[in-house]
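Right, one structure below, let's go through it.
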Amino acid sequence: MMEKTLVILKPCTLQRGLVGEITNRFERKGLRLAGMKMVQLTDEILNEHYAHLSAKPFFQRVKDSMMACPVIVCCFEGVDAIGAVRTLAGPTNGRKAAPGTIRGDYSMSFQENIVHASDSLEAAEVELKRFFEPEEIFEYNQATFDFLYANDEY
């Protein structure tokens, strides 16, 4: 099933000059970039985005990290995009992520772990609405589409 998912390139990614390398990994996999913009996250939006962590002792540290500089929010699309993105990203803790995954190749941290990736279809829908207006997510024919999937996969 064709899915759209949110990827946030975290401040550590921008500070380390890895934006192109990370977006390239998703594009090389065959995911279609449907939306992308740079934003400065606020306390308000992070309280909403990370509400599930609000009782944790590290909640403020997470928010401070995510506000250290702007982030780049991306919408990627593809068959089973949510799972594909999470597989490419690897486990949350970069020290435990396998080489070949984004976090395994670029992260030594649980917090400074390069990307946020939606973890379910429901989360992706909510998160994309949180960061994008409908007109900021684009539908277009990707020239390579017919070479990414068999005609009965989408």
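Taken together, the values in this text are just the output of simple stated rules run on the coordinates, not laboratory data. Remember, predicted model here, so these are calculated numbers, not experimental data. Here the Cβ is made from the backbone with ideal geometry for all residues, glycine too, and neighbour counts use every protein chain on show.
Computed about the Cα centre, the dipole magnitude for the stretch 46-154 is approximately 920 debye when only Lys and Arg (+1) and Asp and Glu (-1) carry charge, each at its Cβ. Less than 5 angstrom separates the built amide H of Gly35 from those of Cys75, Phe138, all sequence-distant by 5 or more or on a different chain. With springs only between Cα atoms under 10 Å apart, run a GNM on the chain and tell me which of Ile114, Ile102, Ile45 wobbles the most. Highest fluctuation among the options: Ile45. Springs between Cα atoms under 10 Å define the GNM used for the chain, and in it the highest mean-square fluctuation of Gln142, Gln40, Gln111 occurs at Gln142. Which one of Leu53, Leu14, Leu33 has the biggest mean-square fluctuation once the chain is modelled by GNM with Cα springs under 10 Å? The residue with the greatest mean-square fluctuation here is Leu53. Note on the chain: helix-only mean residue ellipticity at 222 nm, from DSSP H runs of 4+ residues weighted -39500 (n - 2.57) and normalised by residue number, equals -9500 deg cm²/dmol. Applying the Karplus relation 6.51 cos²θ - 1.76 cosθ + 1.60 with θ = phi - 60° to the stretch 5-13 yields 3J(HN,Hα) values of 9, 8, 10, 10, 7, 6, x, 4, 5 Hz, where x marks Gly and Pro.
Compactness of the stretch 2-147 is given as radius of gyration and Dmax, 14.7, 48 Å, from Cα positions.
As I understand it, the value is the acute angle between the Cα axis of helix 19-29 and the longest principal axis of the Cα atoms of the chain; what does it come to in degrees, rounded to 10? So the helix axis and the longest Cα principal axis differ by about 40 degrees. In straight-distance terms, cross-link reach from Lys56 covers every one of the aspartates and glutamates whose alpha-carbon lies under 18 Å from its own, apart from those fewer than eight places away in the same chain; here that gives Asp43, Glu44, Glu48, Asp64, Glu112. Phi angles of the stretch 112-123 translate, via the Karplus equation with coefficients 6.51, -1.76, 1.60 and θ = phi - 60°, into HN-Hα couplings of 8, 10, 6, 9, 9, 9, 3, 9, 7, 4, 5, 5 Hz per residue; Gly and Pro are given as x. Grouping the Cα pair distances of the stretch 1-78 into 5 Å bins from zero gives a pair-distance distribution of 3, 15, 22, 21, 17, 14, 7, 1 percent in increasing distance order. Within straight-line reach of Lys4, meaning a Cα separation under 17 Å, sit the following lysines at least 8 residues removed in sequence or on another chain: Lys29, Lys37, Lys129.
Restricting the chymotrypsin sites (Phe, Trp or Tyr not before Pro) of the stretch 1-91 to loop positions (DSSP other than H, G, I, E, B) with no more than 15 neighbouring Cβ atoms within 10 Å leaves Tyr50, Phe58.
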